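Structure record follows, encoded as structure tokens.
Please treat every number below as a calculation from the coordinates, not as lab data. Because the structure is a prediction, the values reported are computed rather than measured. With ideal geometry, Cβ positions are generated from the backbone for all residues, glycine too; neighbour counts draw on all protein chains shown.
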């Protein structure tokens, strides 16, 4: 890099540090200054300025930070410092209030975005009203004793009932035969056997297969 480039980088770094008057690392300076100068140029400028006493260097482990020479700034008396501290507190509270307001508005916006639109609400209202009309008509027919299923549907229901009742009786008969076979060599009563194996019977629930 030419001497002119070095001088330009050094002036840019010094001006930025004096303007901001707060500590920065080389990486901070590289990012904040718009990357007009490369990292090598920024590093070289910081080291050169620090060596010349134009800025101050402070090392924190492997990390170095640079800050403007405070002797370049006028002294600030205690009253002014207190005034600045009070202003900082005031501005901090103001920022907090604004942030709280922003969060509240963001929450309201989220609620509005998730809410149903007017058109959607109208469509849903129309759907519900149509469903109500259909249900009211169905209720009217039920009250009048009208049959709401076709003969084919009714016949299917009866056939399925016969099928399941037969299966119920069949399984009950098989279970009874198994219990009786066990009882032939079992020393205790049928009740004791049923309780021992944890068998649940129709009698426990007071039910029995219906007639078909």
### Task
Report the full-extension gain for the segment residue 118 to residue 182: residue separation times 0.36 nm, less the Cα-Cα distance, to one decimal in nm.
15.8 nm
### Query
Taking 0.36 nm per intervening residue step and subtracting the Cα-Cα distance, what contour gain separates residue 154 from residue 5 on full extension?
44.0 nm
### Query
Using the alpha-carbon atoms, what tilt in degrees (0 to 90, nearest 10) does helix 78-114 show relative to the longest principal axis of the chain?
30 degrees
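State, to one decimal in nm², a quarter of the convex hull surface area for the C-alpha atoms of the stretch 151-200, i.e. the direction-averaged projected area.
Average of the hull's projected areas for the stretch 151-200 equals 4.0 nm².
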### Theoretical gain in end-to-end length, residue 20 to residue 167 [0.36 nm per residue, Cα-Cα removed]
43.9 nm
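Sort 85, 6 by Cβ crowding within 10 Å, fewest neighbours at the top.
The most exposed by this proxy come first: 85, 6.
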### Message
Suppose each label sits 7 Å from its Cα in the direction of the beta carbon; what would the residue 39-residue 77 distance come out to in nanometres?
### Response
4.8 nm
### Query
Each label point is 7 Å from the Cα along the Cα-to-Cβ direction; what then is the distance between the points at residue 137 and residue 99, in nm?
6.1 nm
### Task
Arrange the following residues from fewest to most other Cβ atoms within 10 Å of their Cβ: 67, 165, 102.
102, 165, 67
### Query
What angle, in degrees between 0 and 90 and rounded to the nearest 10, separates the Cα long axis of helix 39-51 from the longest principal axis of the Cα atoms of the chain?
50 degrees
### Task
Among (1) 538; (2) 187; (3) 126, find the value of volume of the Cα convex hull per residue in Å³ that was calculated from the structure presented, and write down its label.
(1)
#### Entry: Highest-MSF residue in the chain out of 55, 174, 88 [GNM, Cα springs under 10 Å]
174
